[in-house]
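Heads up: the structure comes next, in structure tokens.
The values are calculated or read from the model by the stated rules, or taken from the named source; none is laboratory data. Because the structure is predicted, anything quoted here is derived from the model rather than measured. With ideal geometry, Cβ positions are generated from the backbone for all residues, glycine too; neighbour counts draw on all protein chains shown.
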Amino acid sequence: MKALKTKSIQKLLKVNQHKKITLGLTRTQKALKFINWEKPKSRILTISGTSAKFSILQIFKKILIDNKNSFAATYSPHIKSITERMEINSKLIKINVLKKILNKVYKIPVPLTEFEKLCVAFAEFIKNKKTDYILAEFGLLGRLDAVRALFPKPHIHIVAPIFFDHLHWTKTKKRNLKTLKEIVYEKISFLSADRIYISKQHSRSLKFIKYYLKKNSSKCFYYGRDFWLKKKNDKYFYQDKTRSFQIHSNLLGDFSHENAVIAIKISIDEGIAIPIIKKSLKKISMLLGRVQLIKSGKLRKGMPKSTLIFADGAHNSLSSQRICNFLYQYKNRDLYAIISMIKSKDPSSFLKPFKKFKKIFFTNMKQSNVYPKEQLNKIAKKLNIPSEITKDYYTAIKTVGNKKKAIFLITGSFYYLQDII
């Protein structure tokens with residue numbers, strides 16, 4: 001078989017929304033045998049959930065760096081470059097190295113999905129590397145996710161916030177308790193780890209999480225019971241049963257600090273000294289596409305200094321509620337959002353938290369499965385949210401008169417952020 005040409009690699013890396021995919025571990029397990037994959041000697045940390053996975057991993061990663069631990073990591077999705085999906089010791093995989101690995105993966109006689117190919121590529125990338133830790137973010141759901149084929153029994157697993165998402169993969173495809181129970185089942189019923197950490201959850205999700213973990217032999221640590229976040233006079237504190245200290249960082253919003261406390265708890269349990277943890281937290285600033293304050297560049301061209309622009313990859317009701325709650329803390333400001341989404345998402349539940357925004361602008365990103373902006377606009381109108389369609393971000397902001405009081409939010413999909421930031 002001929003080596004894959006560069007143009008074909010671009011097709012391979014092109015976003016695929018998995019319309020005709022049957023989920024399962026068998027394909028990945030077979031492919032791993034072709035690259036002679038063996039269980040790594042590193043400490044393995046995996047994470048599943050609906051939102052906040054990347055943010056939690058990034059905070060924990062920063063702590064590892066200050067503790068002089070080596071690590072390899074894989075994330076999903078990427079924003080600016082496909083190389084963001086894999087790194088070793090903060091060095092992203094080089095595009096020519098990734099192409100070489102994908103050529104090898106392409107020759108494996110197993111029909112892999114795009115995500116499965118990337119997971120096998122990550123395995124090939126790290127298989128001869130010695131690191132203290134391997135961090136891996138699950139993609140779709142979890143039980144049948146390719147990451148599980150790589151790391152079936154991690155030392156540590158994190159359950160990030162779980163709520164409604166990927167409804168087109170569920171049996172009922174409706175926002176009800178039966179569907180939520182199914183989503184939780186897919187994300188945690190299979191877990192087998194030395195320790196499982198459960199982040200702050202919606203009360204309905206937490207009920208199902210406890211149900212499925214009740215007979216799990218892993219040692220479980222719950223937010224609110226074993227560790228928690230305390231906020232007092234706009235200051236944030238990490239607390240558990242034996243200690244409490246203030247979190248000094250540049251993180252924005254309550255939910256970002258909720259992400260921090262689970263990373264702190266794991267770090268403490270891994271034997272990392274608290275002074276090192278505190279030092280790391282001070283260095284943590286904004287994360288790409290996660291409550292990211294745009295301070296410079298083309299998006300700020302012609303804007304008054306008082307105008308704030310945020311980019312956030314929120315794409316479900318849980319994440320949209322959190323980013324909106326954060327922005328509602330800004331008093332006497334006019335809130336605007338520029339939104340684009342993909343068809344597999346639920347725009348109605350996503351848009352409900354935006355009712356206090358002065359106006360929403362809908363545009364079409366460069367994706368074949370984009371949710372048409374005209375349809376999004378109709379949904380917003382039914383929700384009594386002021387909205388209109390626009391050509392793009394730049395056209396939208398031109399229609400806003402008083403920009404000095406304005407706060408702009410670019411959101412709806414990480415794939416949209418790929419186009420714009």
Take the residues of the range 84-96 that are surrounded by 15 or more Cβ atoms within 10 Å (Cβ to Cβ) and in a helix (DSSP H, G or I): which is modelled with the lowest pLDDT?
84
Scanning the range 218-262 for residues that are hydroxyl-bearing (Ser, Thr, Tyr), at pLDDT 95 or above and part of a loop (DSSP other than H, G, I, E, B), which turns out nearest to residue 57 (Cα to Cα)?
218
Looking at (1) out of contact with any Ser or Thr (no Cβ under 8 Å at 6 or more places or on another chain); (2) over 18 Å from residue 258 (Cβ atoms); (3) small (Gly, Ala, Ser), which is the only condition residue 218 fails?
(1)
Mind telling me which of the residues 320, 267 ends up being surrounded by 13 or more Cβ atoms within 10 Å (Cβ to Cβ), in the same structural domain as residue 392 (by TED's automatic domain parsing), part of a helix (DSSP H, G or I) and of a type in the set (Ser, Thr, Tyr)?
320
Is one or more of the residues making up the range 351-367 within 20 Å of the chain's Cα centre (by Cα), at pLDDT 95 or above, within 25 Å of residue 254 (Cα to Cα) and of a type outside the set (D, E, K, R)?
yes
Name the residue that is surrounded by the fewest Cβ atoms within 10 Å (Cβ to Cβ), counting only residues in the range 169-205 that are in contact with a Lys or Arg (Cβ under 8 Å, 6 or more places away or on another chain) and under 24 Å from residue 238 (Cα atoms).
194
Under the condition of being out of contact with any Leu (no Cβ under 6 Å at 6 or more places or on another chain) and closer than 22 Å to residue 79 by Cβ, which residue from the range 328-341 is surrounded by the fewest Cβ atoms within 10 Å (Cβ to Cβ)?
336
So, residue 200, is that one in contact with an Asp or Glu (Cβ under 7 Å, 6 or more places away or on another chain) and part of a loop (DSSP other than H, G, I, E, B) or not?
yes
Odd one out for residue 63, checked against (1) part of a loop (DSSP other than H, G, I, E, B); (2) modelled with pLDDT of 95 or more
(1)
Residue 42 modelled with pLDDT under 95 and either out of contact with any Cys (no Cβ under 9 Å at 6 or more places or on another chain) or farther than 27 Å from residue 195 by Cβ (or both):
no
